[in-house]
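Here is the structure we will look at, set down as structure tokens.
The values are calculated or read from the model by the stated rules, or taken from the named source; none is laboratory data. Quantities reported herein were computed from a predicted structural model and do not represent experimental measurements. Positions of Cβ are backbone-derived with ideal geometry, glycine not excepted, and every protein chain shown enters the neighbour counts. SASA here: full protein model, heavy atoms, side chains in, ligands and nucleic acids out. Shrake-Rupley method; radii C 1.70, N 1.55, O 1.52, S 1.80 Å.
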Amino acid sequence: MTQTLLSTKEVAKLLGINDKMVYGLIAEKGLPATKVTGKWLFPLHLVEQWIESQTINYPKLPVKGLVKENLLALAGSNDILLEKSLSLFNKLYPGRLAVFANIGSLAGLKCLRSGLCHIASSHLMQESGEDYNFGVVAQEFSEVPAIVNFCRREQGLILKKGNPKAITGFKDLWQSGIRIVNRPLGTGTRLLFDSELRKAGLNGEEIDGYADEFDRHLDVGLEILADRADAGLGIAAVAGLLNLDFLPVRWERFDLLIAKDVFFDEAVQLLINLLHDKRFLDSAGKLVGYDLSQCGRIVFPKDKPNQSTPGEKTFPLSV
């Protein structure tokens with residue numbers, strides 16, 4: 001498929017700014033760009049995605065008016081344990097149906113903001129690297145959703161068994177003969193990967209396989225297992241399931257963001273309560289790379305209970 005590439009002047013005109021400001025957006029705001037030809041070029045479809053991801057104050061539509069009463073809709077970041085929890089939910093409550101759209105953290109937040117789902121799953125690291133999700137919630141939601149922790153999970157480089165290419169860090173990915181596999185733009189894992197590449201002084205466009213994107217962590221592992229790639233950023237659980245090597249990078253908080261107008265709906269509460277169920281915990285215990293010490297607890301709002309009128313439901317500080 002032919003891609004439309006914009007020059008610096010063309011992207012400046014599109015954004016209504018001068019040329020010099022474009023370079024600042026590349027460095028400071030992550031404006032998608034490539035210098036593979038020796039000069040800056042901007043893939044139009046990625047620029048459009050970037051513009052939408054920077055948008056704030058989206059009009060909010062009522063979730064209850066868009067989804068069926070017995071349908072629990074989730075959208076956002078992919079996770080093996082989350083998929084298992086939804087399968088268990090559907091088994092335990094046959095009169096209801098929990099469905100999940102694997103579209104990445106950013107797109108999941110857009111769905112939640114637009115009222116297209118009840119819950120968004122997200123692990124968006126803040127610029128400081130010290131926390132997750134709170135920053136994007138404060139910036140992009142006029143009405144803050146509740147944030148319930150699902151898990152902490154370990155991210156790292158998934159490698160071939162025995163690590164035959166002797167990969168010890170991100171700097172090694174630039175070497176000749178090493179091919180990687182990647183996650184799509186808008187996923188929390190891709191944002192982490194690009195952040196780590198910048199720390200290592202690497203340009204992703206110069207790494208073999210950088211443009212090869214797969215929707216699930218498991219798909220990344222399967223590509224490596226099938227010897228079509230040497231490395232890819234993903235969760236430790238995949239390396240454990242597929243008996244691959246794993247080079248840890250960091251633990252991250254993986255949260256469920258829940259629209260306030262449906263937080264106390266029965267289906268939502270059933271899912272939250274399921275996170276404390278022995279059957280769910282036993283399932284999690286068979287996977288590596290998960291920490292459930294905060295699972296099912298509200299992590300936002302966290303400073304004080306919401307003010308409310310008499311008879312109005314408020315959010316407890318923990319569940």
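Of the listed pairs 161/278; 84/286; 29/110; 35/165, which have alpha-carbon separations greater than 22 Å here? The partial results should precede the final answer.
Values: 161/278 33 Å; 84/286 11 Å; 29/110 19 Å; 35/165 28 Å.
Pairs exceeding the cut-off: 161/278; 35/165.
Suppose we keep just the DSSP beta bridges with both residues in the chain; what percent of those would be antiparallel, to 5? Please report the intermediate quantities before stating the final value.
On the way: 30 of 41 bridges.
So the antiparallel bridges amount to about 75 percent of the total.
Would you calculate, for the chain, the mean residue ellipticity at 222 nm contributed by helices, counting each DSSP H stretch of 4 or more residues as -39,500 (n - 2.57) and dividing by all residues, to the nearest 500? List each step's numbers first, then the result.
Numbers: 11 runs with 103 residues, N = 319.
Mean residue ellipticity at 222 nm (helix-derived): -9500 deg cm²/dmol.
How many percent of the accessible area of segment 98-249 is carbon or sulfur, using a 1.4 Å probe?
Numbers: 2940 of 6000 Å².
Taking all protein chains in place, segment 98-249 shows 49 percent carbon and sulfur surface.
Net charge within 12 Å of residue 91 by Cβ-Cβ distance, Lys/Arg positive one each and Asp/Glu negative one each, not counting residue 91 itself? Don't skip to the end; give the middle numbers.
Numbers: positive: 84, 96, 279; negative: 277.
Net charge in that neighbourhood comes out at +2.
Counting only heavy atoms of the protein chains, get the accessible area per residue of segment 10-49 (1.4 Å probe) and round it to a whole Å² value.
Numbers: 2550 Å² over 40 residues.
Normalised by residue count, the accessible surface of segment 10-49 is 64 Å².
What number comes out for accessible area per residue over segment 163-238 if the probe is 1.4 Å? Units Å², please. List each step's numbers first, then the result.
On the way: 3300 Å² over 76 residues.
With all protein chains present, segment 163-238 gives 43 Å² per residue.
Quick one: which of 90-100, 251-261 comes out on top by average Cβ neighbours within 10 Å, and what's the full order, highest first? Let's see the in-between values first.
Details: 90-100: 13.9, 251-261: 22.4.
The peptides rank, most packed first, as 251-261, 90-100.
Quote the relative contact order of the chain in percent (integer), defining contacts as alpha-carbon pairs under 8 Å separated by 6+ residues. Write out the running numbers ahead of the final one.
On the way: 580 pairs, mean separation 64.0, N = 319.
20 percent.
Quick check: from the Cα gyration tensor, does segment 66-135 come out rounded (a/c under 1.5), prolate or oblate? Don't skip to the end; give the middle numbers.
Numbers: a/c = 3.03, a/b = 1.67, b/c = 1.81.
Judged from the Cα gyration tensor, segment 66-135 comes out oblate (a/c at least 1.5, b/c at or above a/b).
Got a number for the accessible area of residue 10? Probe 1.4 Å, square angstrom, nearest 10.
About 100 Å², ignoring ligands and nucleic acids.
Explain nothing, just the number: relative contact order of segment 108-240, from Cα pairs under 8 Å at least 6 residues apart, as a whole percent.
Details: 172 pairs, mean separation 36.6, N = 133.
In percent, rounded to a whole number, it is 28.
Using the heavy atoms of the protein chains and a 1.4 angstrom probe, tell me the accessible area per residue for segment 100-161 in square angstrom.
Numbers: 2010 Å² over 62 residues.
For segment 100-161, the per-residue accessible area is 32 Å².
According to the square roots a ≥ b ≥ c of the eigenvalues of the Cα gyration tensor, what is the shape class of the chain, taking rounded for a/c under 1.5, prolate for a/b larger than b/c otherwise, and oblate for the remainder? Can you show the working numbers first?
Details: a/c = 2.10, a/b = 1.28, b/c = 1.64.
It comes out oblate by the Cα gyration axes.
Summing Lys, Arg as +1 and Asp, Glu as -1, what charge do residues with Cβ under 10 Å from the Cβ of residue 120 carry, residue 120 excluded? Intermediate results must be reported in sequence, preceding the final value.
Values: positive: 110, 113; negative: 255.
Local net charge: +1.
How many angstrom lie between the C-alpha centres of segment 87-136 and segment 214-262?
Taking the Cα centre of each part, segment 87-136 and segment 214-262 sit 16 Å apart.
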